[in-house]
1. From (1) closer than 21 Å to Ala95 by Cα; (2) of a type in the set (Lys, Arg); (3) assigned to a strand (DSSP E or B), pick out the condition that doesn't hold for Arg84.
2. Can you say whether Leu64 is surrounded by 14 or more Cβ atoms within 10 Å (Cβ to Cβ) and within 21 Å of Glu133 (Cα to Cα), as far as the supplied structure shows?
3. Just the residues that are out of contact with any strand residue (DSSP E or B) (no Cβ under 8 Å at 6 or more places or on another chain), among the aliphatic types (A, V, I, L, M) and either modelled with pLDDT under 95 or assigned to a helix (DSSP H, G or I) (or both), please, taken from segment 52-73.
4. Out of the residues in segment 83-125 that are polar (S, T, N, Q) and over 28 Å from Asp35 (Cβ atoms), which is nearest to the chain's Cα centre (by Cα)?
5. Under 9 Å between Cβ atoms, which residue pairs at least 6 apart in sequence (or on different chains) link something in segment 87-100 that is surrounded by 15 or more Cβ atoms within 10 Å (Cβ to Cβ) with a partner that is aromatic (Phe, Trp, Tyr) and assigned to a loop (DSSP other than H, G, I, E, B)?
6. Quick check on segment 109-131: of everything there that is touching a residue at least 60 places away in the same chain (Cβ under 8 Å) and touching an Asp or Glu at 6+ places or on another chain (Cβ under 9 Å), which residue is surrounded by the most Cβ atoms within 10 Å (Cβ to Cβ)?
7. Looking at Tyr104, Tyr54, which one is farther than 17 Å from Val7 by Cα, surrounded by 14 or more Cβ atoms within 10 Å (Cβ to Cβ) and of a type in the set (Phe, Trp, Tyr)?
Amino acid sequence: MTPAVRVRREVISLMREAARETPERECCGLLAGRDGIITRILPAQNALDSATAYEIALAELFRLMRQIRGEDLEMLGIYHSHPRGENRPSPRDIASAFYSEAAYFIISPLADAPQPVRAFSIRDGRVTELQIEITP
């Protein structure tokens, strides 16, 4: 059985919208929720301003983490886009996956992408694709 991650439909829509808004560079941000359901998207600035990599500056990351705690939520995921390539983890994504409990969402802004939103578990360099369960 494929492991799954539960996420609200509007969060998926907002991630896809963010990827389409910046087709020349990777968008990124955090995903939060409660009881294992992602209910909130927290967009961040890509400090690298790159089409092939992303990074959230530490000050912004700390601010977003405080916001998540302040709203009595848990950080459940991280998202970013791959504007020009397949939306599966790159070697850099795998090496930078510091939150082993988080689901890593990768969005393709391409109109013909077979799976525009994919999610992965990345632990100790091992990548497992997660089934995305859409919740109301």
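1. Evaluating Arg84 over (1) closer than 21 Å to Ala95 by Cα; (2) of a type in the set (Lys, Arg); (3) assigned to a strand (DSSP E or B) leaves (3) as the failure.
2. Numbers: surrounded by 14 or more Cβ atoms within 10 Å (Cβ to Cβ): yes; within 21 Å of Glu133 (Cα to Cα): no.
Against the criterion (surrounded by 14 or more Cβ atoms within 10 Å (Cβ to Cβ) and within 21 Å of Glu133 (Cα to Cα)), Leu64 does not qualify.
3. Leu58, Ala59
4. Ser108
5. Asp93/Tyr54; Ser96/Tyr54
6. That would be Ala119.
7. Residue meeting the stated conditions: Tyr54.
The values are calculated or read from the model by the stated rules, or taken from the named source; none is laboratory data. Computed from a predicted model, the values in this text were never measured in an experiment. Glycine also receives a Cβ, built like all others from the backbone with ideal geometry; neighbour counts cover every protein chain displayed.
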